[in-house]
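Written out below as structure tokens is the structure these notes cover.
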Amino acid sequence: ILDQIEEAYAFALPVLRGAGAGQNPTKESVRRVSAVRPDISQAKSLFLQLVDILPVEDVPEAREAYEGLRDYGLNLEFRPREDIVGDDLSDGTEQGYGNPDVHATDPRHGTHVSGIIGAVRGNGLGIDGIATNVQIMALRAVPDGDERDKDVANAIRYAVDNGAHIINMSFGKGFSPRKVLVDDAVRYADAHGVLMVHAAGNDGEDIDAGDNFPTPFFNDGSRARNWIEVGAANWQVDSLAATFSNYGQNTVDLFSPGVDILSTVPGSEYEREDGTSMASPVVSGVAALLMAYFPDLDASEVRRILLESSVKRQEDILARPGDGARIPFGRLSVTGGVVNAYEAVKAALARM
């Protein structure tokens, strides 16, 4: 683990210094850096993940780095880590740890995502979720942004083993030190016919050029079949792609509404949020709708229907997220389309 951390800092620090974060970057100076290139975005993400684990000034000294890592593994906000998570930080294959507290410090994000998928329809309260006859399995794998590959992999496996048909993943990061763990879990879900829907990220960048993990692509060159990568669409006609959304003509499958989305938040309230985190559950909700009404469809068929039935806007000229360059919408995703529940149901009916 120490080698991985030192390697990560060795990559991140020169990039951030060159981007204007200062000779001794801090969280504040790094956050101010504009992620105009994929390597800067990755370095920012990596630095912000590690800076709370190890002080930057300790990195050159292996012993101090080790002690910092050890302290993180045993103590989190002056509470024993094992009382909170209960795992061995150095064991990437460990399972069976964690706790049932899905509220933790801030349940807002997951509550908003869940409401988009399955808020009760027709009760006159707040919003109607997209899907009917849906159950939500709430798995908190990314507490307060601390996205460890080990936790993501175990959450995917847990969902598969406990009957999930769709795994919505409204999270992502630019660095995956234990990618093989997540890849194995993604292969496991893929082999069991579980549809995985993942948010493309909110950096306004081309993820053809720099990954937003987890991804469906494995180190051997193969990829998961039952995976949909989702960008965020805007409701404004002249700005169909949200200004913050990641994109990729080879990596993002389609776009979905992700701006000004009204959904549930804790306290029986409703608020509007933006993000590919909101766009992803829209697609998951439409997928759940299809599976509920057409139970004979498997994950690969649902994926195919969603992509083929997306409303194609390939020739629309719009501002590219990030730099504002005027390009056709079709250059931002595989399909050049936006998910559409009505068209998806029509396509499913046509297959009967």
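The values are calculated or read from the model by the stated rules, or taken from the named source; none is laboratory data. Owing to the predicted nature of the structure, the values given are computational and were not obtained by experimental measurement. Note that each Cβ is placed from the backbone with ideal geometry, even for glycine, and that neighbours are counted across all protein chains shown.
Quick notes
- The condition of being within 26 Å of S333 (Cα to Cα) and at pLDDT 95 or above holds for only one of V160, V194, that being V194.
Yes/no per residue for (1) in contact with a helix residue (DSSP H, G or I) (Cβ under 9 Å, 6 or more places away or on another chain); (2) part of a strand (DSSP E or B); (3) under 30 Å from R178 (Cα atoms); (4) not assigned by TED's automatic domain parsing to the domain that holds D208:
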| residue | (1), (2), (3), (4) |
| --- | --- |
| G221 | no, no, yes, no |
| I228 | yes, yes, yes, no |
| A232 | yes, yes, yes, no |
| S239 | no, no, no, no |
| T243 | no, no, no, no |
| T251 | no, no, yes, no |
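- The residue of segment 226-248 that is modelled with the highest pLDDT, among those that are exposed (fewer than 14 other Cβ atoms within 10 Å of the Cβ) and not acidic (D, E), is W235.
- Any hit, segment 178-191, residues being touching a residue at least 40 places away in the same chain (Cβ under 8 Å), buried (at least 22 other Cβ atoms within 10 Å of the Cβ) and in a strand (DSSP E or B): no
- Residues being farther than 12 Å from V252 by Cβ and assigned to a helix (DSSP H, G or I) - total across segment 307-336: 2
- Scanning segment 151-177 for residues that are of a type in the set (V, I, T) and either surrounded by fewer than 21 Cβ atoms within 10 Å (Cβ to Cβ) or more than 15 Å from M196 (Cβ to Cβ) (or both) yields a total of 1.
- Residue check: E273 meets all listed conditions (1) touching a strand residue (DSSP E or B) at 6+ places or on another chain (Cβ under 7 Å); (2) of a type in the set (D, E); (3) under 24 Å from V182 (Cα atoms) but one, namely (3).
- Qualifying residue in segment 147-157 (condition: outside any helix (DSSP H, G or I) and farther than 21 Å from S263 by Cβ): yes
- G210 being out of contact with any Pro (no Cβ under 8 Å at 6 or more places or on another chain), over 20 Å from V311 (Cα atoms) and assigned to a loop (DSSP other than H, G, I, E, B): no
- Looking only at segment 214-243, residues that are of a type in the set (G, A, S) and under 15 Å from A279 (Cα atoms) come to 5 in all.
- Filter result for the condition that a residue is modelled with pLDDT of 90 or more and buried (at least 20 other Cβ atoms within 10 Å of the Cβ), over I116, I136: I116
- Considered as a group, the residues in segment 97-112 that are in a loop (DSSP other than H, G, I, E, B) and among the β-branched types (V, I, T) include one that is modelled with the lowest pLDDT, and that residue is V102.
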